[in-house]
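Following: one structure in structure tokens, then a few remarks.
The values are calculated or read from the model by the stated rules, or taken from the named source; none is laboratory data. All values derive from a computational prediction rather than experimental measurement. With ideal geometry, Cβ positions are generated from the backbone for all residues, glycine too; neighbour counts draw on all protein chains shown.
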Amino acid sequence: MLMSVISFVYLAKRPPENQGGVGLLVKITWALCATAIPMELMITILFWILEFDGTVRYVSVMVHGGAAILIMIDAFILSRIPLRMKQFILSGKSALVPLDVLILVFKVSAS
């Protein structure tokens, strides 16, 4: 979310001269968003599957559910970040990294 605010303020102060493309700051924001959303969804899913003990607490819901919703609202509604195929590839790769680490931890702890 912070990167979206920084991009917004920067672009409001210094609009781009060329109207044909986007700048590096906007591309970085898109890349961070493309990795943050699947990572947050993976964290949310893993928390509710592995750590949830049956007691619903406000802090647990907001940290492991509210954050995912806020990131998606920021990306898709407030910032209107477009989704392209290359961003799906980046987000798919970034979502597999924690899954690989989790599998590695389970294999090491099982042996």
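Taking Leu24, is it within 26 Å of Ile6 (Cβ to Cβ), at pLDDT below 80 and touching a Ser or Thr at 6+ places or on another chain (Cβ under 9 Å)? If you could, list the steps in order and put the result at the bottom.
Details: within 26 Å of Ile6 (Cβ to Cβ): yes; at pLDDT below 80: yes; touching a Ser or Thr at 6+ places or on another chain (Cβ under 9 Å): no.
No; evaluated as a whole, the condition is false for this residue.
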Does Gly54 fit the bill of being without any contact (Cβ under 8 Å) to a residue 60 or more places away in the chain and at positive phi? yes
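For residues in segment 57-80 being part of a loop (DSSP other than H, G, I, E, B) and without any contact (Cβ under 8 Å) to a residue 60 or more places away in the chain, which is farthest from Ile6 (Cα to Cα)?
Per the stated criteria, the residue is Arg57.
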Subset of segment 40-66, residues exposed (fewer than 11 other Cβ atoms within 10 Å of the Cβ) and among the small types (Gly, Ala, Ser), comes to Gly54
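What residue, among those in segment 43-73 that are among the small types (Gly, Ala, Ser) and closer than 25 Å to Ile103 by Cβ, is nearest to the chain's Cα centre (by Cα)?
First pass over segment 43-73, keeping only residues among the small types (Gly, Ala, Ser): 54, 60, 65-68.
Going one step further and asking which of them are closer than 25 Å to Ile103 by Cβ, we end up with 60, 65, 67-68.
Details: Ser60: 18, Gly65: 13, Ala67: 10, Ala68: 8 Å.
Going through the qualifying residues, I end up with Ala68.
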